[in-house]
């Protein structure tokens, strides 16, 4: 699916429709020192193995793509709810 690089959308901070630039959201690197990661490692230690069932096969053929919108006037960033698409292309 081809999506334009700029789009007129409602900005909650400006309280009017302004031009927004679109980009694809990417998740950051997970911290090994976070509390959830430390708890999970503790549960995996010793006998008993994996805390959650390991996924043998995937059911879905696509992943949800999240768009990041940035207002050109106030630089406020908002996210859209995920679109289930195989390939997302941002076109000029």
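The values are calculated or read from the model by the stated rules, or taken from the named source; none is laboratory data. In this text, all values refer to a predicted model and were calculated from it rather than measured experimentally. With ideal geometry, Cβ positions are generated from the backbone for all residues, glycine too; neighbour counts draw on all protein chains shown.
I'm trying to understand the selection: among the residues of region 1-28, which are without any contact (Cβ under 8 Å) to a residue 12 or more places away in the chain and under 15 Å from residue 68 (Cβ atoms)? Across region 1-28, the qualifying residues are 26, 27, 28.
Yes or no, residue by residue, for (1) out of contact with any strand residue (DSSP E or B) (no Cβ under 8 Å at 6 or more places or on another chain); (2) surrounded by 10 or more Cβ atoms within 10 Å (Cβ to Cβ); (3) closer than 23 Å to residue 8 by Cα; (4) modelled with pLDDT under 90:
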| site | (1), (2), (3), (4) |
| --- | --- |
| 23 | no, yes, yes, no |
| 29 | yes, no, no, no |
| 58 | yes, no, no, yes |
| 77 | no, yes, yes, no |
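Residues in region 29-73 that are under 22 Å from the mean Cα position of the chain (by Cα) and touching a residue at least 40 places away in the same chain (Cβ under 8 Å) were compared, and the one that is nearest to residue 88 (Cα to Cα) is 65.
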